[in-house]
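Here is the structure we will look at, set down as structure tokens.
FYI, it's all coordinate maths here, none of it is from the lab. This is a predicted model, so every value here is computed, not measured. Note that we place each Cβ from the backbone using ideal geometry, even for glycine, and neighbour counts take in every protein chain shown.
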Amino acid sequence: MTARIMNGQETARRIRKQLKEKLQTLQIKPKLAIVLAGHDNSSQIYVRNKQKYASEVGIETQLYAFEDDVSVQTLENLIDVLNDDRSVNGILFQLPLPKHIDAMKLLSKVNPLKDVDGFHPFNMGLLQNGDFDGVIAATPKGVLRLLKQENIDLTGKNALVIGRSNIVGKPMAMLLLAENCTVTIAHSHSENLKLLCAEADVVVSATGCAKMIKKDWIKKGAVIVDVGICRDENGKLCGDVDFDEVCDVASYITPVPGGVGPMTIAMLLENTVEAYLKQNM
């Protein structure tokens with residue numbers, strides 16, 4: 001078996017095109033505030049990509065950059081200003097933040113309507129209760145969109161989510177439950193992870209452990225979504241899944257790069273447009 005590649009780049013391109021056409025039709029230009037603290041190279045690349053694609057679809061961005069030693073009070077003051085600024089429709093904090101900052105505590109101060117990442121406790125609580133009117137975290141939302149793009153029937157399937165973060169694991173599990181999956185959440189302390197994988201029809205992995213998941217872990221015909229971003233022994237970008245091996249047994253698989261990453265940005269842009277509409281229509 002050779003797995004079908006779920007092309008996140010192509011799907012994200014179509015979503016951006018649709019967003020651009022929608023904004024042109026409505027003659028609106030949402031504004032996204034991006035906060036970057038520190039000089040992490042990966043974060044700077046991610047921010048540039050978000051600004052690039054936002055501009056492509058017609059979303060204005062404003063970058064607020066700070067040093068690593070920025071105070072919590074400074075960031076809280078900025079949040080107050082952005083919350084009150086009616087011209088700002090979305091507020092995004094590029095993670096990770098410096099270690100002295102409690103990211104989730106800080107993000108809880110963002111107006112939930114402007115929380116385009118979907119990390120505010122209010123939005124996470126709505127999702128927990130099966131209410132999809134709030135903002136849904138961009139990465140899990142992008143994963144589900146990819147699965148639906150392929151017309152994969154999730155009803156009744158055994159789904160394994162590896163990772164329990166508020167950013168990916170927990171919201172991903174809630175979305176899969178809503179699609180009538182039987183969901184297991186595994187993590188770094190889970191025993192018999194290989195056995196859990198072998199029983200899963202759908203595996204969504206977000207561990208950051210390079211090529212951890214091998215061919216003999218995977219059930220024949222399983223759907224594999226790799227959220228991990230890692231470097232292999234040669235410094236080459238890869239995911240949690242040993243892609244070349246697992247392609248032989250999976251029915252569908254996402255590549256790294258080019259799978260979930262572009263979808264995350266596309267969903268962030270979609271969330272920003274939706275935030276504008278909720279605030280102004």
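Projected label points at Ala178 and Asp85, each 7 Å from Cα along the beta carbon direction, are separated by 3.0 nanometres. Annotation for Met281 and Arg13: the two label points, set 7 Å from Cα along the Cα-Cβ direction, are 2.7 nm apart. Mind jotting down the distance between the C-alpha centroids of segment 31-102 and segment 169-235, whole Å? The two parts, judged by their Cα centres, are 30 Å apart.
When each of the peptides 235-247, 134-146 is scored by the mean number of other C-beta atoms lying within 10 Å of its residues, the order from highest to lowest reads 134-146, 235-247.
Between Glu56 and Glu150, what's the calculated FRET efficiency when r is the beta-carbon distance and R0 is 30 Å? Round to 0.05.
Numbers: r = 25 Å, r/R0 = 0.82.
The value I calculate is 0.75.
List every DSSP H helix in the chain whose Cα atoms extend 15 Å or more along the helix's own long axis and whose mean Kyte-Doolittle hydropathy is at least -0.5.
Values: long enough: 8-26 (27 Å, -1.41); 41-57 (25 Å, -1.18); 72-84 (18 Å, 0.20); 138-149 (16 Å, -0.09); 260-280 (30 Å, 0.27).
Passing helices, by number: 72-84, 138-149, 260-280.
Pull up the DSSP beta bridges for the chain and report the antiparallel fraction as a percent, rounded to 5. Of those bridges, close to 5 percent are antiparallel. If a/c stays under 1.5 just call it rounded; otherwise compare a/b with b/c (prolate if a/b is bigger, oblate if not). Do that for the chain, with a ≥ b ≥ c from the square roots of the Cα gyration tensor eigenvalues. Taking the square roots of the gyration eigenvalues as a ≥ b ≥ c, the chain is prolate.
Structure shown: which of Lys194/Lys215; Lys141/Lys219; Lys215/Lys236; Lys211/Lys236; Lys31/Lys109; Lys31/Lys114 lie over 22 Å apart, alpha-carbon to alpha-carbon? Write down the numbers at each step before the final one.
Working: Lys194/Lys215 10 Å; Lys141/Lys219 25 Å; Lys215/Lys236 20 Å; Lys211/Lys236 11 Å; Lys31/Lys109 19 Å; Lys31/Lys114 10 Å.
Table pairs above 22 Å Cα-Cα are Lys141/Lys219.
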